[in-house]
Amino acid sequence: QVQLVESGGGLVQPGGSLRLSCLASGFTLDYHTIGWFRQAPGKEREGLSCMGKNGGATYYVDSVKGRFTISRDNAKNTVYLQMNSLKPEDTAIYYCATTPRFLYGTSWSKERAYDFWGQGTQVTVSS
């Protein structure tokens, strides 16, 4: 039983911050690659960030680099996405996803690279 559950979304003003959590169960998180995605109304689902397995490198799409930070707490089997300086265009449903494979090149940002997905958490940035 593999399960990912996102939490931490909500309503925040522009310039504010949120920390999203992705709680993993049914597998050991540190042996898996984890990605964060989002999908805004009328837009494609886009990859935001990825953390490689076994203490691997982190990756960010240019639009969130410097504002978002991915991290992991292995003791809690949880991955976080700290989001700062939020903008209205960050409004979307945010998802975490995982695969036991190493991802190479740009594959980390592709939906098809991941085997399991959470159901998402809504983030709304509005004044």
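Quick notes
- Contact order normalised by residue count of the chain, Cα under 8 Å, 6+ apart, percent: 36 percent
- Using only alpha carbons, segment 1-70 has a radius of gyration to Kirkwood radius ratio (Rg to Rh) of 0.98.
- Taking a straight Cα-Cα cut-off under 20 Å and skipping sequence neighbours fewer than 8 places away in the same chain, the aspartates and glutamates within cross-link reach of Lys65 are Glu44, Glu46, Glu89, Asp90, Glu111.
- In segment 86-127, Cα pairs under 8 Å separated by at least six residues give a relative contact order of 61 percent.
- Trypsin sites (Lys or Arg not before Pro) restricted to segment 1-96 and DSSP loop, no more than 11 other C-beta within 10 Å: Lys43
- Around the Cα centre of the chain, unit charges on the Cβ atoms of Lys, Arg, Asp and Glu (plus for the first two, minus for the last two) sum to a dipole of about 120 debye.
- Residue among Thr33, Thr78, Thr106 with the largest mean-square fluctuation in a Gaussian network model of the chain, springs linking Cα atoms under 10 Å: Thr106
- Accessible surface for the chain, divided over its residues, is 51 Å² per residue with a 1.4 Å probe.
- Dividing the Cα radius of gyration of segment 31-127 by its Kirkwood radius returns 0.94 for Rg/Rh.
- Between Ala57, Ala40, Ala113, the residue with the greatest mean-square fluctuation in the GNM of the chain (Cα pairs under 10 Å linked by springs) is Ala57.
The values are calculated or read from the model by the stated rules, or taken from the named source; none is laboratory data. Bear in mind the structure is a predicted one, so any value in this text is a computation, not a measurement. In this analysis, Cβ positions are derived from the backbone assuming ideal geometry, glycine residues included, and neighbour counts consider all displayed protein chains. Areas reflect the complete protein model, heavy atoms only, side chains present, ligands, DNA and RNA absent. Shrake-Rupley method; radii C 1.70, N 1.55, O 1.52, S 1.80 Å.
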